[in-house]
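The values are calculated or read from the model by the stated rules, or taken from the named source; none is laboratory data. Keep in mind that what you see is a predicted model, and the values were worked out from it rather than measured. Here Cβ is always computed from backbone atoms with ideal geometry, including for glycine, and neighbour counts include all displayed protein chains.
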Amino acid sequence: MGDNNGLKQTMGNVVGSQKFIAVLALVAIYIFFAISSESFRSTDTLVSIFDASYYIGFLAIGVTFVIITGGIDLSIGTVMMCSAIIGGVLFQMGMPMWLTLIMIIAIGGTFGLLNGLLVARFKLPPFIATLGTMMIARGLGSIISNVQSVTFPLRGAEEGFYKSIFRLDNNFPIGIFVLILFAVLAAIVLNKTKVGRYIFSIGSNREATRLSGVDVNKWETIAYVISGLFAGIAGIAYAATYTTILPGEGAGFELDAIAGVVIGGTSLSGGIGSIFGTVIGVFIMSVLKVGLPYIDLQPHYQLFITGIVLIIAVYLDVRRRNKL
Amino acid sequence: MDNNTILEMKDIDKSFGVVKALEKVKFELAQGEVHALMGENGAGKSTLVKVLTGIHEKDSGRIIYDGNEVEFKKPKESQDAGISVVHQELNMMNHLTVAQNIFIGRESLKAKFFTDDHEINEKTIELFKMFNMDVNPKEKVGNLTVGKQQMVEIIKAVSMDAKIVIFDEPTASLTEKEIDELFKIIENMKNKGIAIVYISHRMDEIFKITDRITIMRDGEYVGKVDTKETTKDELINMMVGRVVYEDPKQEPEVDENAEVVLSVKNLRSKDVEDVSFDLRKGEILGFSGLMGAGRTEVARLIFGADPKDSGEIYINGKKASIMKPQDAVNYGIGYLSEDRKQFGIITGMNVSDNVVQPSLNKYIKNMIIDDKRIEEVSEKYIADLKIKTDSTRQLLRNLSGGNQQKVVIAKWLEHNSDILIFDEPTRGIDVGAKSEIYSLMNELVKEGKSIIMISSELTEILRMSDRIIVMCEGRKVKELSIEEATQEKILHYATARKEGDIVG
C-alpha cells in the first residue's frame, strides 16, 4: 500500500518533471525525422548522431556540476580544444599516446582548478572568471601550437588505437557506451557521494551550507575541477572524432553544452539538476543537428531551431516552478 | 459600525492543489480601527492578505471594498486602490537611497524624463517629520539597520495615501524604542481614518494597540472579539485550543560550580567591543539587548562566521582556534541563526539532507552515501522532536517555521554539538510550537548541553535563562542573575549609552 503510494508519487514527479518532457521531446523529434525522411532511418545516421553527441555530451556532463552550484563555466569549449591541441603537440614531440590522453585530461583539470580557485577562493563572479579562462585557453592553444593545426594519428596508423575508444574498426559506435558509462559515473558522484550532496547544497544556499560547517570553497572548487576534467575527456572525444584540431577554435561549444544542460532541466540558478536530463538535452540537440539536413534544411537552421527549443524548455521549467 | 466599514471579505475559499488554504473565511474592517489578525503559522493569515491584495486569486467568495465589490488581479491594482502592505520580509532595493526606495515607481520627473532626486528627498524628509523621525534621504537603504529599513517600508506604505495599511509582523526586527515609534505612527494613522490590519504573534502588542481581533485556525475563521473584552488565555485558546503559560524562571537551574564549557575573552571586531563571558555546562545563558546591540555579531564571531580582530575562545578549558564555521562545528558548537531561511536551512533540500548536513561523513561507506541509514536517523529525530512532516523526503520549504527550527536543532544534535547558540529561536514561530521549542531547550540542558540564547523578547529571556548578559552598542553592559533580573532592569542596561552613567 505504502509502496504503491510511493510509486505513484515517484511517477507523478517523473511525469511532472522537465526530464520527462525532455525525453518525450527527444522521442518526438526522432520520430518526426524518421517519418519525414527514409534515409534518416539508417544506422549511419544514428552513428552520426552519436558522433555529434560525444564531445558536447562530455562538456555538458561536466558543466552540470558547476551549474548545480549556481555557477557557470564558459571556458569548457576552448579548454577542450586547448587540451586537445597541447596533447597533439606533445604527441608530435614523441609522447606515447596513452600518456598524451592522460595529459589532455590533466590539462582540462588544471584549467578547472584555476576556475575553481578564482571563483571559490578569490570570489570572482563565475561568469567573469571563466570568461577569462576561456580566452586564456583559446590563446594558449594557439601559442603552443604556433597557430598551426595539429593532426592526430589516423585509424590503423601507429598509436591510432585511441580512435577505437569511440568507434570500433567495424564501425560499431562503442563511444555511446563510453558516454553512458561516464554519465552513470557522474550521476553516482552527483547523487550518492559527498561531493554531489554538497554541490547541491551549495547551489541551494551557499551561506547556510557554510554555517553547517561545510568547507564550501573546497567543494565548489571541486565542481569546477570536474568540469575541467570532463572538458579534457571531451578533448579526447573531439580528437578521436575529427582527427585534426585547428587552433583558436572551441568558442561556442560551451554554449551548446550549457543549452543541453538547461534543456535537460538543470536550473541555472543552482540547486536543481540531473545528469540524465543533461544527456537527453544533448541528444535533442544532436538529433536536430543531424536530422535537419534530411528535411532539406541546412545545418545553420540548427542554431535557429535549437534557440527556440532552449527558450521553450526554460519557459516550461519556469512555469512549472512558479506553480509550486 | 456598518457605515464606516471599509472592507468586508465574505466566504473566501482558496485552495492550492489539494490543500485547502482558506475555507469560508470572513473578515471585516472599519475606518480608523486597528484590527488584529491572529492565528498560528499556517492558519491562513498571509494567504488571506494575499487574496485581498491580488497576489493570489480567490476560488470563491466576495470582497467588498469602499462600497464596491472588487477583485484585484495584481498587487499594483490593490495598491492603486489604496491598500498597502508592510511586509514581514523587507522588500528594499539595498543599493538605492531611502528616498528612491520610497518613491520607486512614482518618481518625480523633470521634463517628464529625468529623475529629480532633490524633490523626493524633500518629500521624504517631510514624511519622516510627520512621525517625528529624522532620516537622511540620501542614505543607501543597505546601510541602515534592519529596524530603520522597516521604518522606511512603513513610511513608504503611508506615503501612498492608503486607506488600508496591512502590517505583517512589523515588530519582528524592531527594538523596543522603534516599536514605540511604530505604535505612535499607527495611532497617528488611525486618527487620520486609515484602517489598519495588524498581524502579529505578540500578545502585549495586540493588547496595546488593537481595537478588535479576528482569529483564524487551519484556514478557517474562528471568531472575532473586542480587544477590551478578551484575555490572553482566551485568545490562545481560540488559536490553538490549549493554554500556554509564559512564567518567568525563578532561580537558576544550574549549579554555580558547574564546569565552564565555553570561555570567551576580550572578543573584538568592528561591531563588538571587548566582550568576555563564561558559559557553564547545562546552562542557558540569555543574551538580551536592543536590535543592533551586537549579540548576533558575538555569536557569529564565536562560530567563526565572521573574522574577529582579537580575543580568545576556550572550550573546556583549552584554547580553541576558530577561523571558520567548520572549526567551530568540529569543536562541537552549533549555531541556530536568527534568519533560518537564509542561514539555517536549505529550503530546497529535504528533511534528511538537512539533518545530516554537518555529519555526513558518518554516513559514507566506500565513498557512497548510505541514504537508508540517513533516513532511519531522520525518522528518529522526527519522532523525538515531534517534527510535523509527512516524510523525511519533504522539502524544508514546505514545513512551518517551528518545524524548520526543529530540523535545525536535530541537525546539531546529530552532530553531537555540546554548545548550542540559539539566535532568536522562536522568531516567526507560532505560540504552540514556541512552547515546544522551550521544553526542548530545557531537555537539552538537562542532558548536559549548554545554550547561549539570544532573544529580543524579554518574556522569553526571563522565562528561559539561568543568567542574563545585557549588551548595548557592541559592549557587554551587565550580567544579571535570573533572581535579580526584571524587564525593567534589563531595559535599563540595554539602553545604557556609552556616555551615560551605568549604575552598577
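Condition first: more than 16 Å from B:THR347 (Cβ to Cβ), of a type in the set (Ser, Thr, Tyr) and either free of Cβ contacts under 8 Å to residues at least 40 places away in the same chain or in contact with a Leu (Cβ under 8 Å, 6 or more places away or on another chain) (or both). Now tell me which residues in the range B:378-405 satisfy that.
B:SER378, B:TYR381
Of everything in the range B:166-201, what is without any contact (Cβ under 8 Å) to a residue 40 or more places away in the chain and under 16 Å from the mean Cα position of the chain (by Cα)? Give them in sequence order.
Scanning the range B:166-201 gives B:THR171, B:ILE179.
Which one of these is touching an Asp or Glu at 6+ places or on another chain (Cβ under 7 Å) and polar (S, T, N, Q): B:SER352, B:SER288?
Values: B:SER288 fails: touching an Asp or Glu at 6+ places or on another chain (Cβ under 7 Å).
Among B:SER352, B:SER288, only B:SER352 is touching an Asp or Glu at 6+ places or on another chain (Cβ under 7 Å) and polar (S, T, N, Q).
For residues that are β-branched (Val, Ile, Thr), in a loop (DSSP other than H, G, I, E, B) and in contact (Cβ under 8 Å) with a residue 60 or more places away in the chain, tally how many sit in the range B:123-160. Show your work before the answer.
As a first pass, look at the range B:123-160 and keep what is β-branched (Val, Ile, Thr): B:124-125, B:135, B:141, B:145-146, B:152, B:154-155, B:158.
With the extra rule that they be in a loop (DSSP other than H, G, I, E, B), the set shrinks to B:135, B:145.
Add one more test, that the residue is in contact (Cβ under 8 Å) with a residue 60 or more places away in the chain, and what stays is B:145.
Here the count works out to 1.
If you go through the range B:354-372 one residue at a time, how many are under 23 Å from B:THR389 (Cα atoms), more than 7 Å from chain A (Cβ to nearest Cβ) and of a type outside the set (A, V, I, L, M)?
6
Among the listed residues A:ILE180, A:ILE222, identify the single one that is of a type outside the set (S, T, N, Q), more than 15 Å from the chain's Cα centre (by Cα), more than 7 Å from chain B (Cβ to nearest Cβ) and part of a helix (DSSP H, G or I).
Details: A:ILE180 fails: more than 15 Å from the chain's Cα centre (by Cα).
Just a single option satisfies the conditions, and that option is A:ILE222.
Considering only the range B:221-256, how many residues are in a loop (DSSP other than H, G, I, E, B) and modelled with pLDDT of 85 or more? Walk me through it before giving the result.
Let us first name the residues in the range B:221-256 that are in a loop (DSSP other than H, G, I, E, B), namely B:230-231, B:241-256.
Filter once more, so that each one left must be modelled with pLDDT of 85 or more: B:230-231.
Number of matching residues: 2.
Okay, residues lined up against (1) free of Cβ contacts under 8 Å to residues at least 40 places away in the same chain; (2) exposed (fewer than 14 other Cβ atoms within 10 Å of the Cβ); (3) more than 14 Å from every other protein chain (Cβ to nearest Cβ):
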| position | (1), (2), (3) |
| --- | --- |
| A:SER142 | no, no, yes |
| A:PRO173 | no, no, yes |
| A:ILE176 | no, no, yes |
| A:ILE188 | yes, no, no |
| A:LYS192 | yes, no, no |
| A:SER204 | no, no, no |
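Please report, ordered by residue number, the helices (runs of 4 or more DSSP H) entirely within the range A:234-324 with at least 1 residues that are of a type in the set (Gly, Ala, Ser) and modelled with pLDDT of 90 or more. First the steps, then the outcome.
On the way: elements: A:253-263, A:275-291, A:300-323.
Output list reads A:253-263, A:275-291.
Which one is surrounded by the most Cβ atoms within 10 Å (Cβ to Cβ) among residues in the range B:201-235 that are closer than 20 Å to B:LEU48 by Cβ and out of contact with any strand residue (DSSP E or B) (no Cβ under 7 Å at 6 or more places or on another chain)?
Applying the filter and picking the extreme gives B:HIS201.
Just the residues that are under 24 Å from B:MET291 (Cα atoms) and out of contact with any helix residue (DSSP H, G or I) (no Cβ under 6 Å at 6 or more places or on another chain), please, taken from the range B:150-161.
Start the filter on the range B:150-161 by keeping residues that are under 24 Å from B:MET291 (Cα atoms), which leaves B:150-158.
Of everything in the range B:150-161, those that are under 24 Å from B:MET291 (Cα atoms) and out of contact with any helix residue (DSSP H, G or I) (no Cβ under 6 Å at 6 or more places or on another chain) turn out to be B:GLN150, B:MET151, B:GLU153, B:ILE154, B:ALA157, B:VAL158.
Considering the range B:74-108 alone, what residues qualify as being basic (Lys, Arg) and farther than 21 Å from B:GLU119 by Cβ?
First, the residues of the range B:74-108 that are basic (Lys, Arg): B:74, B:76, B:106.
Within the range B:74-108, B:LYS74, B:LYS76 qualify.
Which of the residues spanning the range B:284-306 are within 14 Å of another protein chain (Cβ to nearest Cβ) and assigned to a loop (DSSP other than H, G, I, E, B)?
Pass one, the range B:284-306, residues within 14 Å of another protein chain (Cβ to nearest Cβ): B:296, B:299-306.
Correct list: B:GLY304, B:ALA305, B:ASP306.
Take the conditions loosely packed, with under 14 Cβ neighbours inside 10 Å, more than 29 Å from the chain's Cα centre (by Cα) and free of Cβ contacts under 8 Å to residues at least 12 places away in the same chain and apply them to B:ASN4. Does it pass?
Working: loosely packed, with under 14 Cβ neighbours inside 10 Å: yes; more than 29 Å from the chain's Cα centre (by Cα): yes; free of Cβ contacts under 8 Å to residues at least 12 places away in the same chain: no.
No, not satisfied.
Out of the helices (runs of 4 or more DSSP H) lying entirely within the range B:351-456, which hold 1 or more residues that are among the hydroxyl-bearing types (Ser, Thr, Tyr) and in the same structural domain as B:ILE284 (by TED's automatic domain parsing)?
Details: elements: B:351-355, B:371-384, B:401-414, B:431-446.
Where helices (runs of 4 or more DSSP H) fall fully within the range B:351-456 and carry at least 1 residues being among the hydroxyl-bearing types (Ser, Thr, Tyr) and in the same structural domain as B:ILE284 (by TED's automatic domain parsing), they are B:431-446.
Within the bounds of the range B:307-321, is there any residue that is surrounded by fewer than 23 Cβ atoms within 10 Å (Cβ to Cβ), closer than 21 Å to B:GLU424 by Cα and away from chain A (no Cβ under 14 Å)?
No, the conditions are met nowhere in the range B:307-321.
Restricting to the range B:322-345, and then to whatever is assigned to a helix (DSSP H, G or I) and aliphatic (A, V, I, L, M), can you tell me which residue is nearest to the other protein chains (Cβ to nearest Cβ)?
Result: B:VAL329.
Condition check: surrounded by 14 or more Cβ atoms within 10 Å (Cβ to Cβ), touching a residue at least 60 places away in the same chain (Cβ under 8 Å) and in a strand (DSSP E or B). Does B:LEU267 satisfy that?
Here the answer is no, as B:LEU267 does not meet what is asked.
Among the numbered conditions (1) over 29 Å from the mean Cα position of the chain (by Cα); (2) closer than 21 Å to B:GLN150 by Cα; (3) modelled with pLDDT under 85, tell me where B:LYS123 comes up short.
Checking B:LYS123 against (1) over 29 Å from the mean Cα position of the chain (by Cα); (2) closer than 21 Å to B:GLN150 by Cα; (3) modelled with pLDDT under 85, the one that fails is (3).
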